[in-house]
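Structure first, then comments.
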Amino acid sequence: MNNFEYLYIHWPFCNSKCFYCDFLSFCKLDSLKEEYNSTLCSQVKSLKNNSKIKTIFIGGGTPSLWPVDLLRKFFKELKSSFDLTEIKEFTIEANPADITQEKLICWKELGINRLSIGIQVLDDNVLLQVGRKQTVEQAINAINLSKKYFENISVDLILGLPGVDDSTWQNTLNKVVAWPVKHISVYLLTLYKKTRLFDLVKKNMISLQKNAKIASLYNSTVDFLEENGFMQYEISNFSRPGAESMHNMAYWERKPYLGLGLGASSFDGNIRYINEKNIKKYLMQVESPLKFAEHEVLTEQQIFLEYLMLTLRMKKGGDLRRMLYFLSNEKKERFFSNLENLKELGLIFQDGGRIYLTKKGFLLENEIILKLF
Ligand SMILES: C[S@@+](CC[C@H](N)C(=O)[O-])C[C@H]1O[C@@H](n2cnc3c(N)ncnc32)[C@H](O)[C@@H]1O
Ligand code: SF4
């Protein structure tokens with residue numbers, strides 16, 4: 001991997017584990033932060049080339065827990081290994097409880113120009129119930145402080161958390177659209193196996209909202225955000241005009257990217273590479289160049305499926321010619337007959353050579369992909 005414009009960096013440490021979270025993240029392993037930083041540094045060094053980076057996204061885990069001295073050290077290495085002079089978008093994910101003036105100043109100095117803050121919902125009881133260690137007051141303070149340093153702020157919300165009634169959700173939306181933010185991600189709660197929330201639901205200790213309820217809330221959320229100037233450009237993403245996330249668009253458009261850090265993936269257009277996911281094994285690479293633990297050469301069928309899945313997530317839809325390119329005549333016929341069917345059901349619409357999911361279709365994306373596939 002030596003030609004990429006998009007860079008992802010994974011910081012896997014958190015202060016506590018939210019009950020719904022399935023991301024590769026750990027709490028109580030703080031003693032490994034320094035070694036992790038050194039591993040990242042040596043991997044960056046080993047990749048030194050002339051790639052001109054357009055976007056960087058530091059995700060996690062909780063990147064706002066990256067100690068500033070270690071972060072500065074890492075950036076020194078990054079700057080001497082790649083060309084960062086033409087960065088357009090540089091995002092760090094942050095939890096409200098960690099945002100301090102010192103960190104905001106450091107992030108700004110390093111060239112970070114976009115904050116993605118995990119708000120989830122503005123209700124202390126709901127947050128407590130799902131093990132999210134943050135309060136509404138912290139969220140509001142974090143926004144007030146961040147706006148002094150950053151113009152481009154995005155917030156994450158989760159729709160469908162247990163215990164959120166209509167008025168709590170609407171109150172969250174009312175507040176968030178009035179904040180100085182340019183981008184809002186609204187994720188539908190996914191119940192992952194092996195999470196604490198999954199166990200609590202299984203034991204009937206927590207009940208989730210019904211799908212029909214979530215669907216109706218999703219529809220009203222899309223309308224409300226659009227009425228307030230946040231236009232939907234992807235199933236879960238809304239922005240003020242021109243503030244769409246360039247980094248995420250690169251994933252959905254299948255552009256090559258490099259992923260650094262534990263379990264991060266990279267993509268060169270045909271092959272997907274995955275870094276070591278086991279932290280102990282990963283840290284054994286502290287003195288070595290980046291080694292991918294797994295890789296998968298995508299077949300034409302997988303490329304077709306990926307294109308279909310990623311492109312239909314976006315409001316701008318997908319190019320039919322590119323989809324058909326990978327299909328045999330027999331499969332093309334089946335594809336068109338399924339497409340007609342989905343159009344009649346009001347789940348897809350076609351305009352010239354492009355197809356798009358309708359609002360109803362966005363909620364049934366997985367089923368629609370299976371049908372088309
Ligand atoms: C992996 S987190 C990293 C950022 C940061 N640690 C945080 O929690 O805010 C990125 C976002 O994923 C979303 N998320 C995490 N688990 C989810 C789940 N089970 N269902 C839906 N969204 C989820 C949350 O909105 C979160 O802000
Ligand atoms: S803070 Fe973010 S990454 Fe960490 S456990 Fe919670 S949702 Fe997962």
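The values are calculated or read from the model by the stated rules, or taken from the named source; none is laboratory data. Given the structure is predicted, the values throughout are model-derived calculations rather than measurements. Glycine gets a Cβ as well: all are built from the backbone with ideal geometry, and neighbour counts include every protein chain shown.
Outside the structural domain of residue 246 (by TED's automatic domain parsing), part of a strand (DSSP E or B) and either without any contact (Cβ under 8 Å) to a residue 12 or more places away in the chain or under 30 Å from residue 77 (Cα atoms) (or both): which single residue out of 282, 273 fits that description? Before the answer, list the steps.
Working: 282 fails: part of a strand (DSSP E or B).
Being outside the structural domain of residue 246 (by TED's automatic domain parsing), part of a strand (DSSP E or B) and either without any contact (Cβ under 8 Å) to a residue 12 or more places away in the chain or under 30 Å from residue 77 (Cα atoms) (or both) holds for just one of 282, 273, which is 273.
In the stretch 143-167, which residues are more than 11 Å from ligand 1 (Cβ to nearest atom) and under 14 Å from residue 179 (Cβ atoms)? 143, 144, 145, 146, 147, 148, 150, 151, 152, 153, listed by residue number. Somewhere in the stretch 58-81, is a residue β-branched (Val, Ile, Thr), within 13 Å of ligand 1 (Cβ to nearest atom) and part of a loop (DSSP other than H, G, I, E, B)? Taking every residue of the stretch 58-81 in turn, at least one turns out to be β-branched (Val, Ile, Thr), within 13 Å of ligand 1 (Cβ to nearest atom) and part of a loop (DSSP other than H, G, I, E, B).
Please verify whether residue 89 is at pLDDT 95 or above, closer than 13 Å to residue 113 by Cα and within 16 Å of ligand 2 (Cβ to nearest atom), treating the condition exactly as stated. Before the answer, list the steps.
Working: at pLDDT 95 or above: yes; closer than 13 Å to residue 113 by Cα: yes; within 16 Å of ligand 2 (Cβ to nearest atom): no.
No, not satisfied.
Figure legend. Inter-residue proximity from the stretch 185-197: first residues in contact (Cβ under 8 Å) with a residue 60 or more places away in the chain, second residues within 6 Å of ligand 1 (Cβ to nearest atom) and hydrophobic (A, V, I, L, M, F, W, C), beta-carbon distance below 6 Å, spacing 6+ or different chains. Indicated pairs: 189/158. Among the candidates 76, 133, 148, which residue alone is modelled with pLDDT under 95 and out of contact with any Lys or Arg (no Cβ under 9 Å at 6 or more places or on another chain)? That would be 133, the only listed residue that is modelled with pLDDT under 95 and out of contact with any Lys or Arg (no Cβ under 9 Å at 6 or more places or on another chain). Scanning the stretch 49-95 for residues that are over 19 Å from residue 259 (Cβ atoms) and under 14 Å from the mean Cα position of the chain (by Cα) returns a single hit, 94.
Only one of 173, 145 is in a helix (DSSP H, G or I), touching a helix residue (DSSP H, G or I) at 6+ places or on another chain (Cβ under 7 Å) and surrounded by fewer than 18 Cβ atoms within 10 Å (Cβ to Cβ); which? Of 173, 145, the one residue that is in a helix (DSSP H, G or I), touching a helix residue (DSSP H, G or I) at 6+ places or on another chain (Cβ under 7 Å) and surrounded by fewer than 18 Cβ atoms within 10 Å (Cβ to Cβ) is 145. The selection criterion, being touching a Phe, Trp or Tyr at 6+ places or on another chain (Cβ under 8 Å), aliphatic (A, V, I, L, M) and surrounded by fewer than 16 Cβ atoms within 10 Å (Cβ to Cβ), does not hold for residue 197. Here residue 21 clears all of (1) surrounded by fewer than 16 Cβ atoms within 10 Å (Cβ to Cβ); (2) within 13 Å of ligand 2 (Cβ to nearest atom); (3) touching a residue at least 40 places away in the same chain (Cβ under 8 Å) except the condition numbered (1). The residues of the stretch 24-43 that are touching a residue at least 12 places away in the same chain (Cβ under 8 Å) and within 16 Å of ligand 2 (Cβ to nearest atom), listed by number, are 24, 25, 26, 27, 29, 30, 32, 33, 36. Please count how many residues of the stretch 290-321 are touching a Ser or Thr at 6+ places or on another chain (Cβ under 8 Å) and either hydrophobic (A, V, I, L, M, F, W, C) or surrounded by fewer than 17 Cβ atoms within 10 Å (Cβ to Cβ) (or both). Final tally of qualifying residues: 3.
Looking at the stretch 4-18 only, could you name the residues that are within 14 Å of ligand 2 (Cβ to nearest atom), more than 21 Å from residue 70 (Cα to Cα) and surrounded by 19 or more Cβ atoms within 10 Å (Cβ to Cβ)? Of everything in the stretch 4-18, just one residue is within 14 Å of ligand 2 (Cβ to nearest atom), more than 21 Å from residue 70 (Cα to Cα) and surrounded by 19 or more Cβ atoms within 10 Å (Cβ to Cβ), namely 18.
The single condition among (1) in contact with a strand residue (DSSP E or B) (Cβ under 7 Å, 6 or more places away or on another chain); (2) touching a residue at least 40 places away in the same chain (Cβ under 8 Å) that residue 359 does not satisfy is (1).
From the list 70, 122, 110, 115, the lone residue that is surrounded by fewer than 18 Cβ atoms within 10 Å (Cβ to Cβ), in contact with a helix residue (DSSP H, G or I) (Cβ under 6 Å, 6 or more places away or on another chain) and assigned by TED's automatic domain parsing to the domain that holds residue 51 is 70.
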